[in-house]
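One structure below.
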Amino acid sequence: MFYEFVTLNRDAIIAKTRLKVSTRPWPPASTVELENGVPLFLTQLTETLRLESTAAPFSSTAIGTSATHHGSELLELGFTVSQVVHDYGDICQAITELATEQNAPITANEFHTLNRCLDTAIADAVTEHARITAASQLSDELERIGRLMHEVRNNLNTSLIAFDVLKRGTVGVGGSTGGVLGRSLVTMRTFVDSTLADIRTAASHHRPENLAILSFLSEVEIAARLHADYSGLALIIDPIDPTLTAHVDPQLLESALMNLLTNGFKYTRPGGRVTLRAGEQGAKVRIEVEDQCGGIPDTKGDPFRPFGDRRGKDRTGLGLGLSIARKAVRAQHGDVTVRNIPGQGCVFTIEVPLGTESPAAAPVAVGQGPAAT
């Protein structure tokens with residue numbers, strides 16, 4: 001009987017399968033996969049073969065039910081879908097090779113049963129694996145949306161309270177209450193821009209064009225300088241070559257840059273400055289945002305990680321800005337990096353492809369507005 005062959009040679013089959021799994025070039029094998037995944041399916045397969053050899057009626061869905069449970073277990077162990085599919089295939093191949101080596105009397109029907117079990121197990125295990133993964137991603141997305149709405153609501157409530165105070169005329173619009181209203185509105189705009197950029201990036205909805213950097217930064221400067229003023233900081237913009245162009249999606253680049261600027265305003269020490277500069281390096285346009293946050297402590301980890309640790313005492317926000325900025329830029333064949341200057345601050349750099357032609361529009365001056373002190 002086939003199931004007897006599999007049962008008697010269990011250790012040899014496991015050893016042969018583990019060798020295949022450990023030496024394959026891709027996907028890479030894990031310790032958990034070798035120790036748990038292979039024996040788990042072999043036990044499942046052996047029981048199916050045994051049941052099919054009995055006279056009692058046998059449900060053709062039995063191995064599928066078991067495989068569904070198996071797929072759930074594999075996901076909990078950290079397996080990818082590729083590992084699940086390859087492991088099943090490696091076990092089947094190991095059984096076939098061992099049977100050939102030992103000249104085991106296995107009938108065509110038994111091999112057919114093996115292949116059918118393999119096919120059913122792969123389909124059901126992968127389906128369950130995918131279902132649980134999708135459910136987990138949906139849960140993460142709902143949590144993220146919930147956090148976003150929470151932040152928007154908080155800033156909206158702050159804006160309404162500040163507006164009510166200003167409307168009653170008890171304080172002037174140019175005072176601290178006006179500043180609170182301005183900061184809240186700017187923060188909400190940043191949240192909305194980041195969310196739209198994230199949606200466009202996920203949907204691969206990009207519209208790259210040759211963008212005049214000087215003109216682009218003159219528009220970004222308007223919102224950025226307001227944010228700097230409300231935060232009591234100075235925004236410095238270094239001189240920019242009027243012929244500099246980038247081949248990018250303007251909306252995605254603006255979202256990424258505003259996230260970096262907002263991040264700089266948030267963590268720069270009171271009375272400090274945030275500097276914006278742009279230039280050409282090789283086939284790239286480099287846009288730098290340098291802040292005076294004091295530097296990133298070694299204990300803070302990757303600043304681009306979603307919901308990561310914050311750099312200072314200000315714990316507001318979602319912790320998504322840098323992550324979204326990097327995704328938006330990478331979607332345009334660029335990247336965002338950070339250079340830490342301990343004790344001083346950080347320099348965040350956006351690199352995007354250089355444009356293929358010079359801008360036709362007349363140069364627009366940036367950095368001429370009054371900087372806050």
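The values are calculated or read from the model by the stated rules, or taken from the named source; none is laboratory data. These numbers come from a predicted model, not from an experiment. FYI the Cβ positions are ideal-geometry reconstructions off the backbone, even for glycines, and counts take in every protein chain you see. What goes into the accessible areas is simple: the full protein's heavy atoms, side chains included, and nothing from ligands, DNA or RNA. Shrake-Rupley method; radii C 1.70, N 1.55, O 1.52, S 1.80 Å.
Observations on the model:
- Condition check for Ile324: crowded, with 21+ Cβ neighbours inside 10 Å and modelled with pLDDT under 80: yes
- Criterion applied to Ile222, Ile199, Ile213, Ile145 was being open to solvent by 50 Å² or more (accessible area, probe 1.4 Å), modelled with pLDDT of 75 or more and either closer than 23 Å to Arg330 by Cα or aliphatic (A, V, I, L, M) (or both), and the one residue passing it is Ile222.
- Residue count for region 263-289 satisfying the condition of being open to solvent by less than 50 Å² (accessible area, probe 1.4 Å) and either at pLDDT below 90 or not in a loop (DSSP other than H, G, I, E, B) (or both): 13.
- Residues in region 83-122 that are part of a helix (DSSP H, G or I) and of a type in the set (A, V, I, L, M): Val84, Val85, Ile91, Ala94, Ile95, Leu98, Ala99, Ala108, Leu114, Leu118, Ala121, Ile122.
- The single condition among (1) at pLDDT below 70; (2) within 21 Å of Val21 (Cα to Cα); (3) crowded, with 21+ Cβ neighbours inside 10 Å that Ser82 does not satisfy is (3).
- Checking Thr158 against (1) over 21 Å from Leu261 (Cβ atoms); (2) assigned to a helix (DSSP H, G or I); (3) open to solvent by 40 Å² or more (accessible area, probe 1.4 Å), the condition it does not meet: (1)
- Filtered residue count, region 222-237, keeping only those that are closer than 16 Å to Asp291 by Cα and within 28 Å of the chain's Cα centre (by Cα): 2
- Of the listed requirements (1) buried (at least 18 other Cβ atoms within 10 Å of the Cβ); (2) at pLDDT below 70, Asp90 misses just one: (2).
- Condition check for Arg305: assigned to a loop (DSSP other than H, G, I, E, B), modelled with pLDDT under 60 and farther than 24 Å from Ala278 by Cβ: no
- Residue check for Leu75: assigned to a helix (DSSP H, G or I), surrounded by 19 or more Cβ atoms within 10 Å (Cβ to Cβ) and at pLDDT 70 or above: no
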